[in-house]
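One structure below.
The values are calculated or read from the model by the stated rules, or taken from the named source; none is laboratory data. This is a predicted model, so every value here is computed, not measured. All Cβ positions, even for glycine, are placed from backbone atoms using ideal geometry, and neighbour counts span all protein chains on display.
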Amino acid sequence: MFTDPETGFRYERRITDGPEASSTFVITPNTSALVTYPEQYPDTANIVAIDVDPNQRKNGMGSFLFDLCVKDARERGCRYLEILCANERTAAMCRRFSEDAVIIRMPVPGKPEFRPTDLTVDEAVDYLATCRELFYPEDNESGQLSEHVSVIAKL
């Protein structure tokens, strides 16, 4: 277990290497982050998930985990970071990379055409936030988007 001197958060780091290389950071059983290092893209890290217990939100844990993933990627020598934005909270974290990012749409069948290559990161995040009717199926309380945007940022 590690303790962050700034936030006081206690976390565990689990590392795997080889073709399925990854780092998992765990604060509580329901609060964790996963960053993977695909063998076919050795200079790119993928933030696959940042999950924060709903009772622990709004205290900086998500940002802390995001920062741990970025630090881990830099320490492993990655030049790029891919962030799969599956909800508005994750998408908002992508604003940190607004100058050096490329946006890639991950198409969902039956959804209107969206060309994020024509947008900045801020515009894409605003798109996620304002087009709620496209992203939230009826009666969806989980906050999951029904469409995803992947942000690739230079580290």
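Pick from the range 17-36 the residues that are assigned to a strand (DSSP E or B) and of a type in the set (A, V, I, L, M): which of them is nearest to GLY62 (Cα to Cα)?
Once the filter is applied, the top-ranked residue is ALA33.
For a quick check of your reading of the model, give me the residue pairs whose first member lies in the range 36-62 and is closer than 15 Å to TYR80 by Cβ, whose second is of a type in the set (Asp, Glu) and in a helix (DSSP H, G or I), with beta-carbon atoms closer than 8 Å and at least 6 apart or on different chains.
So the pair list comes out as ALA45/ASP72.
Taking the condition of being outside any strand (DSSP E or B) and surrounded by 10 or more Cβ atoms within 10 Å (Cβ to Cβ), how many residues in the range 1-16 meet it?
Going through the range 1-16, the residues outside any strand (DSSP E or B) turn out to be 1, 4-9.
Subsequent filtering for residues that are surrounded by 10 or more Cβ atoms within 10 Å (Cβ to Cβ) retains 4, 7, 9.
Within the range 1-16, residues that are outside any strand (DSSP E or B) and surrounded by 10 or more Cβ atoms within 10 Å (Cβ to Cβ) number 3.
In the range 79-91, what count of residues is obtained for those that are in contact with a strand residue (DSSP E or B) (Cβ under 9 Å, 6 or more places away or on another chain) and surrounded by fewer than 21 Cβ atoms within 10 Å (Cβ to Cβ)?
Initial filter on the range 79-91 (in contact with a strand residue (DSSP E or B) (Cβ under 9 Å, 6 or more places away or on another chain)): 79-86, 89-91.
Those still in the list that are surrounded by fewer than 21 Cβ atoms within 10 Å (Cβ to Cβ) too: 79-80, 84, 89.
The total comes to 4.
Does the range 32-45 hold any residues that are buried (at least 22 other Cβ atoms within 10 Å of the Cβ) and either over 16 Å from GLY18 (Cβ atoms) or of a type in the set (D, E, K, R) (or both), and which are they? Quick ask: steps written out before the conclusion?
First pass over the range 32-45, keeping only residues buried (at least 22 other Cβ atoms within 10 Å of the Cβ): 33, 35, 37, 45.
Listed by number, the list holds a single entry, ALA33.
At least 2 residues that are at pLDDT 65 or above and touching a Leu at 6+ places or on another chain (Cβ under 6 Å) in each: list the strands (runs of 3 or more DSSP E) lying fully within the range 37-155 that qualify.
On the way: elements: 44-51, 80-85, 101-106, 148-154.
By residue number, 44-51, 148-154.
Look through the range 17-31, keep the residues that are farther than 20 Å from THR90 by Cα and exposed (fewer than 12 other Cβ atoms within 10 Å of the Cβ), and return whichever of them is modelled with the lowest pLDDT.
The qualifying residue modelled with the lowest pLDDT is PRO19.
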